[in-house]
Structure formats: structure tokens, C-alpha cells
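Note sheet for the following structure.
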Amino acid sequence: MVTIYLKEESLMKHLGIYEFDQLSDFLFRLKSEVKKAGEGRLEIEINADRLDMLHSGGIKRAVDGLMGRIVGEASYETSNSSWKMVIGDVPQRPFAFGCIINNLSLDDESLKELIQFQEKLHTTIGRKRRKVAIGIHDLSKIDSGVREITYRNIPLQEKFIPLGQNREMSVKDVLETLEQGKAYGHLALYDERIPAIMSGDNILSIPPVINSERTRLTIDTKSVFVDVTGTSYEAVLQTLNIISTDLAEVGGRISQIQVKGIPVNNPIEEKEERLYPDFSDKKKIIVQPEHVARSIGMELNSQSIVEYLAKMRVGAESLGDIVNVKIPPYRPDIMTQRDVVEDISMAIGYDKLVPNDVNMPRGRSELKPSERLTRSLRELSIGAGFLELFTFVMTSDSSLRGSYVKILNPRSEMFNAVRNSIIPNLLNVLAQNQSVTMPVRLFEEGFVVKPCTSDVGYCNIPYIAFAIMDNEVSFEQLQAPVHSILKVLGVEPQYRRVQDSSIALYTIQSRTAQILVDNLSIGIIGELKIEELEKFGLQYPVVVAEIDEEKLLRVLKRE
Amino acid sequence: MLSDSEIRVLTILREKGNTLHLNEISSISGIPLEGLQSISELLNSKGLVRVEEVTEELVSLTEEGNKRLVEGLPEVRLIGLGEIDIKRAKELMGQDFEIGLSWAKRNGWVSISNSKLIPNVDPESANNYPLSKALKKVAEGGRPDEDSLKILVSRGLIRRDRRKMRTLTITKSGMEALREVEGKKIVGNLTHDLLVNRGKDNIILREKNVETFPPTFPIARRHYFRQFLEDLKDILRSLGFTEITSGYVEMEFYNFDMLFQAQDHPAREIHDSFSIEGEGKLPDPEIVAGVRDVHERFWKYRWDDRIAKRLMLRSQTTASTARALSQRPPSGSRFFTLGRVFRPDDLDATHLLEFNQLDGLIVDDLFNFRMLLGTLREIFSSIGIKDVKFKPAYFPFTEPSVEIYGFMEGLGWVEMAGAGMLREEVTGPAGVNSPAGAWGMGIDRMAMSRFGIKDIRELYSNKVEFLRWLKQQR
């Protein structure tokens, strides 16, 4: 979701809607949510696929369709501006397009909105300007003698007045000292050069970093030159189309620019020359009504499909058995027949699609043996007087012993590893509960992560761990209930003193037993080492046990 | 049932005379007077004793009386001096001489001749002097004859006090009650030994104070949130879904690529998931080729299998759905998965680094979007959310997509789940040709509102007392 802020009064007036609830309802049907943000402003959440709705022009177009006021594809007249844009060799950001929008009437509010529109496109389709960057300039401030804009790499010594500054700076200084320079400079640098939009010798902008002060927009701006540059042909072109069509919805007149030298493919081979924006060459999707009907689950014919799409401002024509859908320039999110199905569903209204009755299969699906064992273990553990815990799987590596999964980009030292045992979770909880009524008897059942031979090299293994903390505790105190739990599950465990200190990681070796069933070690029981008690900040003795449920299940299955 | 002390009081009454003063009972039994007051009231209310208030005169020695008791009365001391010069006697007795002489004269014990006192009686006869005896008797707690008493009171040696006293008299039913407990053992608690070796007829269980609070008993119980998750699983099973699981450590391939999430998608940025060292093994080349193809064709970039192999902690349980899909489930499959997912965040009252998600998948030749909406409504209804509304939405891997809003008391409409029909760009590479619907929801917030919890960390609480005493959901 992308959030935009618009002035309530001007939006409502623009949309011809007078009730907030009605606005809210239409926006809901268009994947959006609106709430009042105070001071007469609205906070509107737009879904990331509907970039055309990041501007009130696009919202108007969509709402018009749903209300049935204006339906069908929006068409926008274009004229030829006689401006040229020449694309140079910019390997790091090879694609650039431009257009001119005339007849704008800006006020403080719409100027603010235009800048918001630009910024929201930067963060979405622009991938924080990495993929696409936009520059919007006051056309009257560009030297119109030559009527030619160039896009090319320039050396870092070149100078201009960056937007918001009052003195000339070198590009190098901009990159090193200005906030935008530091944030975006690295996206553009190539061989000690940086791409620039130029008019003659004047730098209009250095995308994706910053525009020039020279072409700053004001409320007196009537015509703008928009440059869109970036690393993806499609994304750059889609952005240009969205900006121009949305501004056309608020009265702008689109004027095309002759763009020369567009690299069609990457690596650059062919160069093409064309007028942009170009809405004549629309992508078409053939839709089969029968498929649409089956996908949605209702009767639909070619004609009704065309009508529903018209409400979504998508042009389509019925060609007998099929429908030919023309993707409007402002709807690059429509990629396949399935996207068309969604638009038709939205036009119908999801609320009208919910069936009265669904034939849900009833009857319980069977539990896996591992799940049955887990349930039994939990039930028996509670019966044995242990309080159940449910804690985090992520923990601090300082509480883990042996090998474990380490997180490469942790947010804090407290959670920088994945547990390989539940014992540390219990110990951490005990450490925080030393003033409660004793004894404290705890257990937790859950997954630990251990190396294994799966495709990722790690597996979730279900474990169950127990702990008792009291003024005085002993091995037998925990051994007894654990033994009973195992016994009623149907195994008769043996206990063997651990020979290897790597098995008794938290516990005193001479007071730790492996729980053996048919010579398979399924877990351990032991009294905590004094050093470990100290490490966890425990001032009461603790006895712990842990059982590998997978191994337990294995011995249970042998029977 | 009689208490120990009640039995003791009744026994004393029976043995020491049927009526006794409370202070007498107190000195015999050792029970303090205050305790006896309440016992006597209890016995009275049971009709086992009769309580009477009597006003009684008590006599006791004054300070001077005590002195005389030790020294002897002046008249006795006087005749003890034998024949003596008056002047000499005055020297010996001081002020007491006059008193002694006056009373000795009145008793006819002495005569005076030539400034000498001459005893008329043997000093031994003073041993039977009634006033001396009376003084002694009072000192011992007794009451002397009225004549002596009057004289001693007038001499300021004895004080008369009147006070109210309570007497207890054992009644007939008191006698019977006592007989019933006679010869029996009074015990605090039954024991095996008593039941088996001493004969249960010889036991009387002491009365117990059952109105005080007990010591704290730490209860063992299920974890409320864990159980909530188990219950949810059961609901899904009852709707015909089978549980599937996969590991916390996941390959980006299943977490993102198979779900048609472009490799430069903002949700794939490094700060949005936890990275793990190492790389995984991609599944069979056909699926990988299919995934590569749809990414490159629709998202227009060069798909990198090295990115797909990177390891991470899964950020959505939809990764399990992707894995299930890669196994080419047949038409009619209904799966769910519920488990932990991990996303970098700052831990606070509303954010966790790990939480629980529930994902579902239906693969069926006859499935469609309307059925998905109907199924979702059924699922929400089964978990107690009867009012739902559906909002068009966007997810990279579904189309049409929908967000489900549920109405929750006190909260209004709350976004609860996302769902949609899986794109052909997702099912296609997996080799699944049937329509498939999928949905996913976060569980934690729903549980918070169900349990009325304001701090999300309490779902994974470390606080033992909180878990012990949390109100049980009924």
C-alpha cells in the first residue's frame, strides 16, 4: 500500500462526490482506503499495482467509470511539440523519455500534489529511483531557441544550481554534500560520470539525484517538461504514460516529443526514433468469455464483459466468441487474461459475487502421527504439573550452545540466531521469574532448527523441553514425571550417564543422563551447571530435560 | 462437632463442679480469659452450658494490709515485746505503738503499771487471733467471717470491690455431648494409620477454620495462545483441509520467486527479511525454467538463480504453499499451514520479529473466484467472525486478489486476510493446471482482540504469573 495525502475539499469537488462515505465506498471498490487525516486532508492508501491512482487525475478517471459517468477507455489528444530529445550513451541508466504537458493550472495544493505524485512513483515503480527517476521542469524556463533536450553522461566537474540551493555547485559537490546526492548518487555514477538532462549547456537535472533550481515549478507554471529515465525500458515508458495521462485528466494537454536514440534492447544494438508518449500502439489481450465466466463463477458473455471493462475504463471489443481488450496506457498492471478477470470482478463488485452457499467438504482430515504425538505430549506434560510456554524461535546466540543457524542481518543482539534447543528459552524465562511462587515447573513444545540433508540444509525438528526451578531441585524430581510421560506413551526408557561433555551442554556431566529407548538416545535430563546458572542470571537451582520428538516417534513406530 | 478447647471446658466443668467462674476455668485450663469468653458463648449457643452473670464482692488486701500481713498486726507485735517500759516500747514501734496499744487494750491483752506494759496473756495465744487469720485468708483468696472483715475494712487493711462475674454451668446436653466424645481421639486430619490401625469409630476430626484463604497453588495449564492456534488448526481440519508444513529456513525461490515476486520487488529488500548464510538446491529444472520464463517475460529483467537459492527465514507461510504447489497437488487438494514467520522489525507493543500466519490452498478443476469468496466466508464464520466484507486487493501471486475485512466488536472492520486465485504464472511453472485459490492471514492480531490483549508480546509471554493466572477462556 502507498499512502497519499490530498485536500478533501478539492478532491471531492474534482470527483463530483459530496459524501465522505460514498467516496470511501468507491475507493474501497478500487482497492483503496481513505480516512480523514485532519486539517481538511485525506489519507488515501493506494494499492501498489494501481500507480495511476497516485494522482487525483487517475482517481477521477477510475471513479467516473465505476459511477458510470464516463465509461470506456479514456482517450487523450496529443499534439507534436516539435521538441526533440536525444538519448546519448548512458550504460548505467540507458533509457530516457520525455513529454510536454501544456495548459496546466497549478495552485499551492496541486503543485504539492504533483510533487507527491513524482515521489510516490519514485518509491514504487521507480524502486527508490534505482529503476526509474522523474524530473518535472517549468518549460518556460528552458531555453526554447534550440528545442532540443539531451540525455548523456557528463563529468563530475560540471556545475549548476541544484534545486533548493542558491549557488552554483559542481556535480561532485552535489553528490558529496547534498542529502539527495548522498542518497542517490551511487545509483548513477559510472566511470566518474553521471547522467544529465541538458538543454544546450544547461543542466536541467542529474537523474536520479536532483533537478536544477533553474527549472523549478511554481504556481505560475503553465507548461512542464517531464523527463523519465532509468534502467528498465518498460518501467520508464509506463511511468511516462501514467504521468501524462493523469495530468491530462486534470486539464493538461499532452504534447509529444521526438525521442532519438532509444536503446531498444540491452545491450544496445538498434536505435529507434519516435514520438512519445505514444498511445496508439496498445498492447492487446484476447479474452475468452467462457474462461472469464468459469474463473469468476458466473454467467458472462462477450457483451457484458465489454461493458464491465468499460466501467473500469478499459477499452474492449466483442469479436463474437472472443473479446479483444486494449490495455490503456495508464493500466500497465494488466498483464494477462487473469488481470482482466480481476477488473471484471471489480466492476461487478466483490460483494455481489459472494455466493449464498458453498459446498464445503466436512469431516475432519486426519492428523499426522507427529501431530498426534505432540498433542499427547502436551496433554501429559500439563497432567504432570508443568505450565506450558510459547516463546520466540529466534534468540540470542549467547544463550545457544553447539551449532545453530545464525542470522546475517539481525535487528538486535537479542535475536540474532535460531534456537537449536528449547532449553535456553526455558532458562531465559526462569531467569525472569525468580520471585514467583516456587516451584516453577515449565515446558515448551515446538520446533528447533538443526542441520539436515534437506534442500536448504536445515530442518525444523519438534522438541519438547521441561524445567523445574525451586529452592532445591534434583535430577529425580524431573526424571520421575518424564519417565511416566514416556511410559504411558508406550516406551520403557533406560538412563545412561553421558560420556561426552558435548551432550551435556547446559548440565553437569555427572548428573546428566541420556534417555535411551532401544539404545537410541531420544533426549537428556540433567541438573544445570553452576556456570550456566550464572550465565543466565539464575539464583535458584534448575533441572532440565529435552526430548527429540522425531526420534521418539521413530521408536514408537517400531512397535 | 466440638473443638478441643470446648471439650476441655466441658470436662473441667464436669469434674470440678458443675458451675464454675470463668477465671477458675481459666486458671485450671490455662486458656486465657478472652479465649474463654468466646468458647463459653459458643457452648452456650449450642446449649451445652448455661451462662450466668453474677455480681460478686471481692475482698483484697490494701497496701497497708499487705504490710501488716508480713509484719504482723501492731497489737500482736506489742504483746510479743513482753513486759516493757512504755517509753522503750514507743521507741521500738513508733507510730504503730498507739494502734497496737489501743487494740491490745480492747482485747484485754495488756494492763499498764508504773509506766510499764504488762501482758495479761501468753504471746502464743495471739496465734489464734481472728483478725490475723482473716488477713491471711484474704491474702490466700478466701473470704473471712463477716465480723473480722468489717473490722479489717474499718482499719483500712482490706478493700471490698464489687464486680460482675460469669459462671458456666454444664447442661444435660453438655454432659451428653461430652460422653459422646469420651475415649475418642481428636485429630486434625485423617491419616491412613488412623483409618486402618485405630478404628475409624474412635476418631473425632477436629473442627477446621474453612473460611481463610489457602496458600498459593501454581496451576499447570496449556498456553492460551498456543491452544488458540491448535483450535484454529482443528477448525481447518473440520473444513476438510490437511495440514502441510515446511521449515523456518527457506530458499528465496519458494518464499518469493515461485510466488511471482520479482527479484527487485521492494518486499525482497535486505531489510525486509532475515538472511541466512549458505545456498539451497533448486527443485527440478522444469519448474526453475518455468519460473525464470514468467519472471523474465512479465517483469522484464534477467532472473538470477543465485538470488533464488539464497537462504532466509521465511517471511510468509505462503512459502509452504509454494512448496506444496511444487509437488503438483492433484485436483481436489485442500491444504493449510500454520506457523511462525519472521520479519525484521523493532520489538514493541505492536510489533514482533516473528509471528504466526495461516495459509490455505485449494486446487480444484471446478474452483473459481466466487467459490473462493464463499469458502473464505465459511472459514471466518467457523472461527467466530460472522460479518465479513471483501475488498479488491493486490498480491503479486494472485489475481483476482481480495482482502477480507472482519467485523470485530469494539474495533469495527479489521483487515484480516489476503486471498486470491493463484496466477497462472505461479501454477503454470509448478505444473499445476487446475485453478487454485490461496489465502493467508496473520493470527496474532486476531488473537489479541480475542483475548483482549493490548501488548502483542504477551502472546509469547515470559511472565510465569501472567500465564498462571490469566483468565481462562470459556
From A:Pro328, A:Pro369, residue being more than 8 Å from chain B (Cβ to nearest Cβ), buried (at least 17 other Cβ atoms within 10 Å of the Cβ), in contact with a helix residue (DSSP H, G or I) (Cβ under 9 Å, 6 or more places away or on another chain) and not hydroxyl-bearing (Ser, Thr, Tyr): A:Pro328
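Yes/no per residue for (1) surrounded by 17 or more Cβ atoms within 10 Å (Cβ to Cβ); (2) part of a helix (DSSP H, G or I); (3) modelled with pLDDT under 95:
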residue: A:Leu121; (1), (2), (3): yes, yes, no
residue: A:Ile125; (1), (2), (3): yes, no, yes
residue: A:Lys128; (1), (2), (3): no, no, yes
residue: A:Ala133; (1), (2), (3): yes, no, no
residue: A:Ile136; (1), (2), (3): yes, no, no
residue: A:Gly145; (1), (2), (3): no, no, yes
residue: A:Tyr151; (1), (2), (3): yes, no, no
Those residues of the stretch A:18-38 which are surrounded by 18 or more Cβ atoms within 10 Å (Cβ to Cβ) and of a type in the set (A, V, I, L, M) amount to A:Leu23, A:Leu27, A:Leu30, A:Val34
Please verify whether the stretch B:73-89 includes one or more residues that are crowded, with 17+ Cβ neighbours inside 10 Å, out of contact with any Pro (no Cβ under 6 Å at 6 or more places or on another chain) and either touching a residue at least 60 places away in the same chain (Cβ under 8 Å) or farther than 27 Å from B:Asn128 by Cβ (or both). yes
Condition first: at the interface with another protein chain (Cβ under 10 Å from one of its Cβ atoms), in a helix (DSSP H, G or I) and surrounded by fewer than 18 Cβ atoms within 10 Å (Cβ to Cβ). Now tell me which residues in the stretch B:290-313 satisfy that. B:Arg297, B:Phe298
So, in the stretch B:406-423, exactly how many residues are modelled with pLDDT of 95 or more and in contact with a Lys or Arg (Cβ under 8 Å, 6 or more places away or on another chain)? 2
Of everything in the stretch B:386-399 that's in contact (Cβ under 8 Å) with a residue 40 or more places away in the chain and either hydrophobic (A, V, I, L, M, F, W, C) or part of a loop (DSSP other than H, G, I, E, B) (or both), which residue is nearest to B:Pro429 (Cα to Cα)? B:Phe397
Does A:Thr453 meet the test of being without any contact (Cβ under 8 Å) to a residue 40 or more places away in the chain, at the interface with chain B (Cβ under 8 Å from one of its Cβ atoms) and surrounded by fewer than 17 Cβ atoms within 10 Å (Cβ to Cβ)? no
What are the pairs, 6+ residues apart or on separate chains, where a residue within the stretch B:331-350 that is within 11 Å of chain A (Cβ to nearest Cβ) and buried (at least 18 other Cβ atoms within 10 Å of the Cβ) has its Cβ under 7 Å from a residue that is acidic (Asp, Glu) and in a strand (DSSP E or B)? B:Phe336/B:Glu243; B:Phe336/B:Asp359; B:Arg340/B:Glu354; B:Val341/B:Glu354; B:Phe342/B:Glu354
Within the stretch A:517-529, how many residues turn out to be over 45 Å from the mean Cα position of the chain (by Cα), over 13 Å from A:Val482 (Cβ atoms) and touching a residue at least 12 places away in the same chain (Cβ under 8 Å)? 4
Filtering the stretch A:64-87 down to residues that are of a type in the set (A, V, I, L, M, F, W, C) and away from every other protein chain (no Cβ under 14 Å) yields A:Met67, A:Ile70, A:Val71, A:Ala74, A:Trp83, A:Met85, A:Val86, A:Ile87
Considering residues of the stretch B:401-444 that are within 21 Å of B:Phe298 (Cα to Cα) and free of Cβ contacts under 8 Å to residues at least 60 places away in the same chain only, the residue farthest from the other protein chains (Cβ to nearest Cβ): B:Asn433
Within the stretch B:201-226, can you find the residues that are touching a residue at least 40 places away in the same chain (Cβ under 8 Å), within 14 Å of another protein chain (Cβ to nearest Cβ) and part of a loop (DSSP other than H, G, I, E, B)? B:Pro218, B:Ile219, B:Arg221, B:His223
Let me confirm something: among B:Thr216, B:Thr212, B:Thr167, B:Thr191, which residue is surrounded by 13 or more Cβ atoms within 10 Å (Cβ to Cβ) and hydroxyl-bearing (Ser, Thr, Tyr)? B:Thr167
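The values are calculated or read from the model by the stated rules, or taken from the named source; none is laboratory data. Keep in mind that what you see is a predicted model, and the values were worked out from it rather than measured. Note that each Cβ is placed from the backbone with ideal geometry, even for glycine, and that neighbours are counted across all protein chains shown.
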